[in-house]
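Every read-out reported here was derived from the displayed coordinates using simple, explicitly stated rules and does not represent laboratory data. Not measured: the values here are computed from a predicted model. Using ideal geometry, Cβ is built from the backbone for each residue, glycine included, and neighbour counts are taken over all protein chains shown.
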Amino acid sequence: MLREALDPVRAYGAPLGRGVLRAEPEDFLVEEQLGFSAAGSGQHVLLKVRKRDANTQWVARELARACGCRALDVGYAGLKDRHAVALQWFTVPQSRMTLDGWTAVRGQGFEVLEAHAHTRKLPRGALEGNRFEIRIRHMQVDDGALATRLAEIAAHGVPNYFGPQRFGRDGANLARMSEDPRALAPEQRSFMLSAARSLVFNAVAAERVADGSWATLEAGDVANLDGRGSVFAVEPEAPSLLERCQRLELHPTGPLWGRGTLASTHRIHALERAVSARFSQACALTEQAGMEQERRALRLAVRDLQWQRDQAGLLIHFRLTRSGFATTVLREIVDYGDNNT
């Protein structure tokens, strides 16, 4: 089960070599891209925060303390890796703190860089994407082989696997599937259910990578518009969709398991049913929790992909849509072992 989740089959073959990831937090820089501007007025404050080697939820609690509000009143679009430098957006309710006052707020591992009046609390998932700048140290690889691999990734994308962060250290969130969900703390239960759902998705995606169908559309697929949540069924005769898929405008999808009927048909439906039977416990947990069937793109487009060398190692830049994991890109290039935790 752990292999299905943590080490699914790669699309481009073996990594080009071994390297060290996150030797320092500055080696892994991620910047959130909201895709919208602050409203300039309203009952909330939109904060741009730089955090280093700090947990998102801990920073949210510190911001709540500074604001004098409940931690639940602090909004953020998603969790960011702790062992990294992240430029991340938060919202807090308006308070006695002025906008200038907010830019003076800092604590262990974080500082507020910008503060803007805004109309509403920032909801989860309210991102256009994330931009990454990642340094890999001690990686010996031929520049020609590296350029070829990165060109393939830029042209065709990578499998949109959930990264190991989703499953907890050494798969700890998956291990909780054997426990009574009612006995778990709410946060632990949420992490366990998310890991169970992600396990099934990764297993479906791995089957599609193994049979070569992860980056194309066929009758029975449910297609996703790149960077958006909308999906639609693929008809047997749809040459225009295949062309758009080649241009990375559309992607096939896999199930985020829950109650209800699978949207796929034909061979894809049979494949997804077969995988769900192998992971019946994970599927049952999501259904019992009242989660509904949803879809997630099987492919992740890697935009603005560039690379260069410096004295410290190999520096890679790229941009991903929201919910994409940088580690799913990196694992197609380098074997970084366990140093990503």
> By average Cβ neighbour count within 10 Å, what is the ranking of 81-90, 55-64 from highest down?
Replying inline: 81-90, 55-64
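Viscosity 1.002 mPa s, temperature 20 °C: give me the Stokes-Einstein translational D for the range 64-195 in µm²/s, with Rh taken as the Kirkwood radius over C-alpha pairs. The partial results should precede the final answer.
On the way: Rh = 18.8 Å.
So the translational diffusion coefficient is about 114 µm²/s.
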> the range 198-268: which trypsin sites (Lys or Arg not before Pro) are DSSP loop and have at most 16 other beta-carbon atoms within 10 angstrom?
Replying inline: Arg228, Arg247
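Tell me, Kirkwood radius of the range 146-221 from alpha-carbon pair distances, in Å?
14.5 Å
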> Rg and Dmax of the range 289-341 over Cα atoms: what are they, in angstrom?
Replying inline: 15.0, 52
>> With a cut-off of 8 Å between alpha carbons and a minimum separation of six or more residues, what is the relative contact order of the range 15-109 in percent?
In response: 37 percent
> Can you give me the Cα centroid spacing of the range 192-224 and the range 244-284 in angstrom?
Replying inline: 6 Å
> So who's got an amide H within less than 5 Å of the one on Leu250, skipping anything under 5 residues away but keeping other chains? H placed 1.01 Å off N, in plane.
Replying inline: Asp226, Cys245
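Restricting to DSSP H runs of at least four residues, report the calculated mean residue ellipticity at 222 nm for the chain, -39500 (n - 2.57) per run over all residues, nearest 500 deg cm²/dmol.
On the way: 10 runs with 99 residues, N = 341.
It comes out at -8500 deg cm²/dmol, rounded to the nearest 500.
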> Hey, got the Cα dimensions of the range 231-341 along the principal axes, in Å, largest first?
Replying inline: 53, 38, 21
> How large is ³J(HN,Hα) for each residue in the range 12-26, as worked out from phi by the Karplus curve 6.51 cos²θ - 1.76 cosθ + 1.60 (θ = phi - 60°), to whole Hz, x for Gly and Pro?
Replying inline: 10, x, 5, x, 7, x, 9, x, 10, 10, 6, 4, 10, x, 5
> If you put +1 on each Lys and Arg Cβ and -1 on each Asp and Glu Cβ, how big is the dipole of the chain around its Cα centre, in Debye rounded to 20?
Replying inline: 900 debye
> What residues have an amide H closer than 5 Å to that of Arg299, excluding those fewer than 5 places away on the same chain, when H is modeled at 1.01 Å from N in the peptide plane?
Replying inline: Asn160
> Considering the range 71-118, what Rg and Dmax in Å follow from its alpha-carbon atoms?
Replying inline: 11.4, 33
> Can you pull the Kirkwood radius for the range 1-124, inverse mean 1/r over Cα pairs, to one decimal in Å?
Replying inline: 16.0 Å
>> On alpha carbon coordinates alone, what is the Rg over Rh value for the chain, Rh being the Kirkwood radius?
In response: 0.97
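Using alpha-carbon pairs under 8 Å, 6+ residues apart, how would you state the relative contact order of the chain in percent?
Normalised by residue count, the contact order of the chain is 24 percent.
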> Can you list the aspartates and glutamates whose alpha carbon sits under 16 Å from that of Lys121, skipping same-chain ones fewer than 8 residues off?
Replying inline: Asp73
